[in-house]
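Structure, as structure tokens:
The values are calculated or read from the model by the stated rules, or taken from the named source; none is laboratory data. Keep in mind the model is a prediction, meaning the values are calculated, not measured. Here the Cβ is made from the backbone with ideal geometry for all residues, glycine too, and neighbour counts use every protein chain on show.
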Amino acid sequence: MKNINLLPKAPRSKRIFLPLLVASLSFFLILSSSLLYAGHYFNSNMQNVENQIVLTNASIQSLTKQRQLDEQSINFQNLQAEIDILKNKRIDWIPVLETISTKLPVTGRILSAEIPKNENKEQNNGANSAVSQVTPVIVSLKTEFAALSSVADYISLLQSSSLFNSISILTAVKTEKTFSAVVASSPSPVTSNTQATQLQTDENIKKVFEDTLTEGGNEGDKLLNELKWTINQQIAKREYGLKLPDKKFNDETNTQIDQNDTSALTDADFEDARKTLSEMKMQSEKSTEAEAKTPSTANPAATAQKYNVYEVVIEITLKNPVNSK
């Protein structure tokens, strides 16, 4: 027999509400737990990130302090920058100078050669190196030629060289110059040592001439010694510049020959010897007077010669391949 439920059924809304409420509460509990966990995890990660940022900033500050250079490092860097600039600007001057000098004509000469200074110095090293590679090098030559045709020949020879980009004449002036040829010898300074040496030398020369005299007491020996001494005076004066003193070998009052003295010479021989001696003395006196009247030629007058020259200033622009890397 079937049981019959006579109680009325509950409405559908009441039957659904209770499970839905339980499910909703459960969902909100789970969601809030998830949000709390996510918030805690995010906060902990943010703290770690902030700590990492602080450490990174500290490392940056430390590296910045280490990057600041001291005075020695700054000087080294400036020196290295200057070296790099000079390396970019360096030029192999040997072929340039050889070309300039070998093509010069015989009637010309180079007075000076210079490079104009660059007054506009760049502060940036990179800009300097770039400018040094582009700016051409200009050499200014100051030359002197005897004729304008020589200038034209020289310019033509320089233009034929592969080292130069352009050659131009800035100025050409004709001037008159004077050439003086002076031949003068200045005497060496005389010191006490040289005076003593000269005195000793003069005494030795005098002694040599005195040794040539013969010893004898007769009239012939005296006359012969007087003749020798006169000749020695002339030799000493001409060869050594030494003036020997006069000597008296015979008494002037005694004009007669002592017949008691033994001599092989006759009176006529004595007279001839005296005449020869007198003539030699007169010639010696005349030569002395002539030398005194003759002006000294130690400092001759300068001979001046005038000639025309052309002073030409030439500007030479070098080609870039001249740079030696």
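In table form, for the structure just shown:
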| read-out | value |
| --- | --- |
| Hits in segment 83-109 - residues which are charged (D, E, K, R) and either closer than 19 Å to ILE155 by Cα or modelled with pLDDT of 90 or more (or both) | GLU98, LYS103, ARG109 |
| Identity of the residue in segment 142-178, in contact with a Pro (Cβ under 7 Å, 6 or more places away or on another chain) and closer than 16 Å to GLU311 by Cβ, that ends up modelled with the lowest pLDDT | SER150 |
| Hits in segment 42-69 - residues which are hydrophobic (A, V, I, L, M, F, W, C) and assigned to a helix (DSSP H, G or I) | PHE42, MET46, VAL49, ILE53, VAL54, LEU55, ALA58, ILE60, LEU63 |
| Residue that is modelled with the lowest pLDDT [pool: residues in segment 116-141 that are buried (at least 16 other Cβ atoms within 10 Å of the Cβ) and under 27 Å from the mean Cα position of the chain (by Cα)] | SER132 |
| Breaking point among (1) within 30 Å of TYR307 (Cβ to Cβ); (2) at pLDDT 90 or above; (3) of a type outside the set (Phe, Trp, Tyr); (4) in contact with a Ser or Thr (Cβ under 6 Å, 6 or more places away or on another chain), for ALA181 | (2) |
| Enumeration of residues in segment 61-82 that are among the hydrophobic types (A, V, I, L, M, F, W, C) and at pLDDT below 90 | LEU63, LEU69, ILE74, PHE76 |
